[in-house]
1. Can you work out the FRET efficiency for the pair Arg270 and Lys25, with r the C-beta to C-beta distance and R0 = 45 Å, to the nearest 0.05?
2. Among 30-39, 88-97, 157-166, what's the highest-first ranking by average C-beta atoms within 10 angstrom per residue?
3. At 1.4 Å probe radius, can you tell me the per residue accessible area of the range 236-277 in Å²?
4. Over 31 Å between C-alpha atoms is what I'm after, so list which of Lys78/Lys285; Lys98/Lys139; Lys25/Lys78; Lys99/Lys139; Lys98/Lys285 land there.
5. Hey, what do the phi angles of the range 81-91 turn into as Karplus ³J(HN,Hα) couplings, whole Hz, using 6.51/-1.76/1.60 and θ = phi - 60°, x for Gly and Pro?
6. Could you work out the longest stretch of the chain that avoids the GluC sites (Glu not before Pro) located in DSSP loops with at most 16 other Cβ atoms within 10 Å?
7. Which length gain, in nm to one decimal place, applies between Glu260 and Glu248 when the Cα-Cα distance is subtracted from 0.36 nm times their residue separation?
8. Along Cα→Cβ, 7 Å out, is where each label goes; now give me the distance between the ones at Ser61 and Asp169 in nm to one decimal.
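The values are calculated or read from the model by the stated rules, or taken from the named source; none is laboratory data. Since the structure is predicted, the reported quantities are computational estimates derived from the model, not experimental observations. For neighbour counting, all protein chains shown are included, and Cβ atoms are generated from backbone atoms with ideal geometry for every residue, glycine included. Heads up: the accessible areas ignore ligands, DNA and RNA and are worked out on the full protein's heavy atoms, side chains in. Shrake-Rupley method; radii C 1.70, N 1.55, O 1.52, S 1.80 Å.
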Amino acid sequence: MNRYTRQMILPEVGAEGQARLSAAKVLVVGAGGLAAPALPLLAGAGVGQLTIMDRDHVALSNLHRQTSFTEADCGRPKAEVAADRCRGLNRDVKVFAKKQALTNEDAAEFVEQADLVLDCADSYAASYTLSDTCFELGKPLISASVLGLSGYVGGFCVSAPSLRAVFPDAPDSGASCATAGVLGPVVGMIGAMQAQMALNLILGLQPSPLGQIVQVDARTFRSTTFRFDGAQEPERYFPFVSVNQLTEDDLIIELRSADEAPGSIHPNARRVSTDTLRIEPNKGKRLALCCATGLRAWRAAEELQPDWPGEIVLVAASTS
């Protein structure tokens, strides 16, 4: 029996749909909790090629939600372990593991080679870099985020607005799974929905998930959905760049204290307050604001924007 018989019975799939799945190339950025259900579901469905990017290693404290891994995998590269799982599930799928972080230095190269991108990274810098790149190259992006007992998943770019159009401002909270906690099942639900949105796009099902967000509250078991087709792209935004893209002509500001980051992110970086920057004489220079995740830099950029005529870029040390 054909391994895809059960899904090919569906009128939405059939032989033509299965051929579409087999020809599809999907880039998955992040191999952790969201990818744990998404990757095997895509591999099992027969998606032709999966490229998995993640620079981190398997850690015991993440196994409650990163269910692709076992205790024996601790210390191994997440991308490589996830790739092995997908190959073991379906030997017909081409799987490539990339043990590296996604930055705007390499984003265009990887996005260009994909038909569809899944953002499973749990990183402001990666999510917005992916959105910027997908928007520019006309590639669909399925992005998701989970914290505590709630999360969302949405389809962005191509025929829909970008992530920046829906979330143009810096988040109010800097909480993360590491600081605020998260339960595994809600991550699993959102990750599975990412896979479903991806399959819907590949199969051309209507209505398209592009331009739609689904929010899930696992505490109340309620979900809401809305479309954002009319959201306007921001006139000005702050792109994330890598340390390697900084130049001697940039005004580089390290927002972390010496205690927080004894070694500055760049040799030319200065540690000054945003108040000092308001009276900075070289406002024509490109301003590069650096912090751990990019969130502190983003908030500082929003404060300085009215007084800074030049370009402002953000650097996240965690992805550089």
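1. Approximately 0.55, to the nearest 0.05.
2. 30-39, 157-166, 88-97
3. 54 Å²
4. Lys78/Lys285; Lys98/Lys285
5. Listing the rounded values in order: 5, 4, 5, 4, 4, 5, 5, x, 7, 8, 6 Hz.
6. 106-234
7. 1.9 nm
8. 3.1 nm
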